[in-house]
1. So which pairs qualify, if the first residue must be in segment 295-321 and farther than 18 Å from L274 by Cβ, the second must be small (G, A, S) and at pLDDT 80 or above, the Cβ gap must be under 7 Å, and the two must be at least 6 apart or on different chains?
2. Among the listed residues G43, G76, which satisfies the condition of being small (G, A, S), part of a loop (DSSP other than H, G, I, E, B) and closer than 25 Å to I123 by Cα?
3. Among the residues of segment 88-137, how many are small (G, A, S) and part of a loop (DSSP other than H, G, I, E, B)?
4. When the residues of segment 93-113 are narrowed to those that are closer than 13 Å to C80 by Cα and among the hydrophobic types (A, V, I, L, M, F, W, C), which ends up surrounded by the most Cβ atoms within 10 Å (Cβ to Cβ)?
5. Tell me the helices (runs of 4 or more DSSP H) entirely within segment 138-243 that contain at least 3 residues that are modelled with pLDDT under 80 and not β-branched (V, I, T).
6. Quick one: how many residues across segment 33-49 are in contact (Cβ under 8 Å) with a residue 40 or more places away in the chain and over 15 Å from the mean Cα position of the chain (by Cα)?
7. Please go through segment 60-73 and pick out each residue that is among the aliphatic types (A, V, I, L, M) and not in a helix (DSSP H, G or I).
8. Collect the residues in segment 68-110 that are under 16 Å from I128 (Cα atoms) and among the acidic types (D, E), keeping them in residue-number order.
Amino acid sequence: MTDKEYFSHLYEIASHLNREFSLPSALRKALEKTVELLNLETGWIWLVQRDNLSVYLAASYNLPPALSDHPERLSGWCYCIEKYLTSDMDRARNISEITCSRLKDIKTGTRDLKFHATIPITISGQKIGIINLVSKETQQLDEKQLSILNTISELVGIAIQRTRLQESYDVRSHKAGGTVMEVLDRVVQSRLKNLLSTLESAEAFARRKDLPNTLRGIGLSLDEARALQHQLSLILEEKADHKPAKTPESSVSYPASPLTGRELEVLTLVRKGLTNRQIAEQLYIAERTVKFHLTSIMSKLYAGNRTEAVDTALKRGLLGV
């Protein structure tokens, strides 16, 4: 693959991550383009829970039947997660270095997939997640490919940070002081406009097959994205300094719900005693999609089964009374 093709893919990934407002959608599209870029078959992204050193499946692409039909196999710990959370892994690891522990002992439905590259996602040294790209055989990605993967990891990290900043904003804090939205409007919007402008310039040069100016445009875009990441970090730090008033010692305070709207719908029906098939029929989704949601729910709530998940959700006030 030529330099022009590589940077065209990189630009497309950056464009999707900036354009998508739904983090799962942005991550899945970035994953799809990355798999295509390296001529691999499938992959998935784990994200680290912010309040605990555990992970949950945030996005996947083109999973083999052994995983798509058995979502429980993508829950819990594995070699690469443990290695990432307990070591100083901070750069992309080659496909030849890791055998996928989730696939190696499965006899059917794997599409002969066995090995994967692991790309850590970090923000300012903080562990955010992992990208796994899966292959049928061991192979050595060259330095250019590994560099591209590390750049994609940076772009994904910035998109995650941006989304988390949006999620952390509370309307009540706006009523109490309202400075966060003012800063976002004045500073972040300006930087986003600059980033979009440089990306559009790079796209124009790419269409004209002007590689030097395309590379220059992508370089400027990355500089602008890193500056935006720094600004977001400062805003988050400033917001963290304004701690809420202490609650009485006897009360228990939980963070905002980690579950999506759809996951809450599924868990509400689980509470009512519905089976997976009944939930699928009521929500007009596939039964295996229900299984995916349940796997994600149990991971986020640190529950070992459905009953535990409902019990935890009730104690935290996620399902009402």
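The values are calculated or read from the model by the stated rules, or taken from the named source; none is laboratory data. Here the structure is a predicted model, which is why all the values come from computation and not from measurement. Neighbour counts run over all protein chains shown; Cβ positions are idealised from the backbone, glycine included.
1. These pairs meet every condition: L301/A309; L301/A313.
2. When all the criteria are applied, what remains is G76.
3. 5
4. Top of the filtered list is I95.
5. 143-168, 171-176, 189-207, 211-241
6. 6
7. L63 - this is the single residue of segment 60-73 that is among the aliphatic types (A, V, I, L, M) and not in a helix (DSSP H, G or I).
8. Once the filter is applied, which keeps residues that are under 16 Å from I128 (Cα atoms) and among the acidic types (D, E), segment 68-110 yields E82, D88, D90.
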